[in-house]
Amino acid sequence: MRDWDAQRLAAAAGAELAGAAPPAGASVQGPLRAAIDSRTVAEGDLFVGLRGQSTDGGAHAADALRAGAWGVLVAPAHAAAVAAIAAQDGLPGAVLAHEDPLASLQALANAWRRELGAAGAKVVGITGSTGKTSTKDILAALLGSQKRTVASPQNHNTEIGLPLTLLSVPPGTEAVVLEMAMRGAGQIAELTAIAEPDVGVIVNVGPVHLELLGSLEAIAAAKAELIAGMAPGSTVVVPAEDPLLAPHLRSELKAITFGERADVTLAQVMSDGGVLIRAHGRELRLQPSFGQAHNLRNLLAATAAALALGVEPGGPLHVRFSSLRGERLELADGVVLINDCYNANPMSMRAAIDDLAQTAPARRVAVLGDMLELGPDSARLHREVGLHAAEQGLDLLLTVGPLAAEMRAEFEGESYAVADAPAAAELLATLLEAGDTVLVKASRGVGLERVAEALGAAREG
């Protein structure tokens with residue numbers, strides 16, 4: 001967005017200038033940091049006043065200008081008043097008006113994405129029922145060794161977060177890795193239209209958001225909006241032999257498969273933790289900083305995407321995963337905490353249980369909470385997780401919430417059920433023994449991060 005003045009920025013956003021433009025020469029230099037909270041505005045930001053459930057951000061636009069914002073983007077109902085205040089108080093800054101500030105923000109992000117693309121940058125969009133954040137983190141590490149790369153921070157994966165990420169990408173970036181979240185039909189299509197990815201990755205399709213979408217076929221169709229929205233000649237990366245996605249593939253897109261009997265497959269895991277990946281007849285040797293089975297599968301998806309961008313992975317690979325996603329913390333008395341409480345669904349629960357069973361040197365303890373939005377099959381899906389925990393030989397199960405309590409029906413070992421996170425933290429403190437490995441996982445709405453925080457504070461204190 002280098003040297004975009006107020007008029008050009010307004011045109012890109014489909015907005016109108018409602019007040020005096022910034023002084024001559026006050027163009028946007030480099031990327032444009034957009035802020036949606038007036039309390040976090042820094043000098044040079046564009047503040048976007050979005051209407052929320054309890055407040056209208058446009059009402060705080062004048063505060064953003066006082067904080068040094070380059071300009072504000074608000075609904076017409078606020079624009080005239082903000083422009084008047086700016087003129088009265090001598091506040092520099094552009095006032096842009098649009099009937100739908102969010103749509104305007106998205107249009108602006110798309111315009112900047114095209115500018116980046118014209119300069120040679122490539123964009124990757126990643127979605128999936130589980131593992132998309134970890135795949136994003138792995139791909140960013142793979143690309144970062146050879147290309148100037150920017151990836152979505154934390155959970156900037158929505159209709160708001162994705163355009164904010166795009167606008168923050170500096171000129172000269174060669175690869176942009178964007179995570180795309182879905183809560184219902186049409187949302188991946190919306191994100192795809194903004195990002196216009198050159199490579200699209202669907203990590204998997206599983207029973208997530210069943211309550212909203214009703215079936216695995218509907219979930220696959222929602223994820224496949226990424227495929228439908230990609231331009232001819234671009235590349236899609238998908239799991240091999242997935243019957244749910246097969247009907248959505250398009251002949252005018254190049255498809256790369258990963259997994260077993262795929263274009264990109266895991267040939268060998270070596271005793272030193274290194275891996276051998278076969279890709280299109282080539283052998284790639286990597287030394288990843290992780291070894292969990294589910295993340296090795298995510299590595300295959302990321303490798304396929306990297307190859308699509310002309311990057312051939314190899315050698316040491318250190319990945320710093322996003323917070324609350326399988327973080328391991330060594331505590332006092334040899335206790336190891338696996339903090340994986342960002343979110344949960346039946347697929348990710350099984351993967352986390354497998355990791356716990358395979359890596360714990362002593363007692364394997366799981367604190368598992370409700371998995372939300374699973375619809376009428378919720379009780380069965382929770383019981384199946386309990387059965388899987390039993391089959392993997394977990395030693396102790398502590399369930400949190402009324403849905404998770406169903407897990408105990410299929411778990412024959414030592415188990416307890418509590419109503420909420422505070423009760424879980426209190427009981428867990430009395431159950432742990434030296435050398436235990438503890439997995440903490442649930443849907444985000446359960447708030448199990450409080451259990452992890454309490455455990456860490458108690459064991460470190």
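Observations on the model:
- Any chance residue 199 is in contact (Cβ under 8 Å) with a residue 60 or more places away in the chain, within 24 Å of residue 312 (Cβ to Cβ), assigned by TED's automatic domain parsing to the domain that holds residue 139 and over 16 Å from the mean Cα position of the chain (by Cα): yes
- Selected residue (criterion: modelled with the highest pLDDT) from residues of segment 6-28 that are over 20 Å from residue 49 (Cα atoms) and in contact with a strand residue (DSSP E or B) (Cβ under 9 Å, 6 or more places away or on another chain): 27
- Residue within segment 105-128 that is under 24 Å from residue 310 (Cα atoms) and among the hydroxyl-bearing types (Ser, Thr, Tyr) present: yes
- Flag if residue 134 is in contact with a Leu (Cβ under 6 Å, 6 or more places away or on another chain) and crowded, with 23+ Cβ neighbours inside 10 Å: no
- In the set 454, 419, 405, 425, only one residue is more than 17 Å from residue 344 (Cβ to Cβ), free of Cβ contacts under 8 Å to residues at least 40 places away in the same chain, out of contact with any Leu (no Cβ under 6 Å at 6 or more places or on another chain) and crowded, with 19+ Cβ neighbours inside 10 Å; that residue is 425.
- Checking each residue in segment 192-235 for being touching an Asp or Glu at 6+ places or on another chain (Cβ under 6 Å) and within 13 Å of residue 129 (Cβ to Cβ) picks out only 209.
- Residue 297 in contact (Cβ under 8 Å) with a residue 60 or more places away in the chain, outside any loop (DSSP other than H, G, I, E, B), within 24 Å of residue 206 (Cβ to Cβ) and of a type in the set (Lys, Arg): yes
- Taking strands (runs of 3 or more DSSP E) as the structural unit, those lying wholly within segment 77-195 and holding at least 3 residues that are modelled with pLDDT of 95 or more and within 30 Å of residue 351 (Cβ to Cβ) correspond to 122-127, 149-151, 175-179.
- Of the criteria (1) at positive phi; (2) surrounded by 24 or more Cβ atoms within 10 Å (Cβ to Cβ), which one residue 186 fails: (2)
- Condition check for residue 219: within 25 Å of residue 371 (Cα to Cα) and part of a helix (DSSP H, G or I): yes
- Scanning segment 446-457 for residues that are closer than 15 Å to residue 399 by Cβ and within 19 Å of the chain's Cα centre (by Cα) yields a total of 3.
- Flag: residue 313 matches the condition of being crowded, with 21+ Cβ neighbours inside 10 Å and assigned to a loop (DSSP other than H, G, I, E, B).
- Test for residue 309: is it at negative phi and either out of contact with any Gly (no Cβ under 7 Å at 6 or more places or on another chain) or of a type in the set (Asp, Glu) (or both): yes
The values are calculated or read from the model by the stated rules, or taken from the named source; none is laboratory data. Keep in mind that this is a model prediction, so the values were computed, not measured. Every residue, glycine as well, gets a Cβ built from its backbone with ideal geometry; the counts of neighbours run over all protein chains shown.
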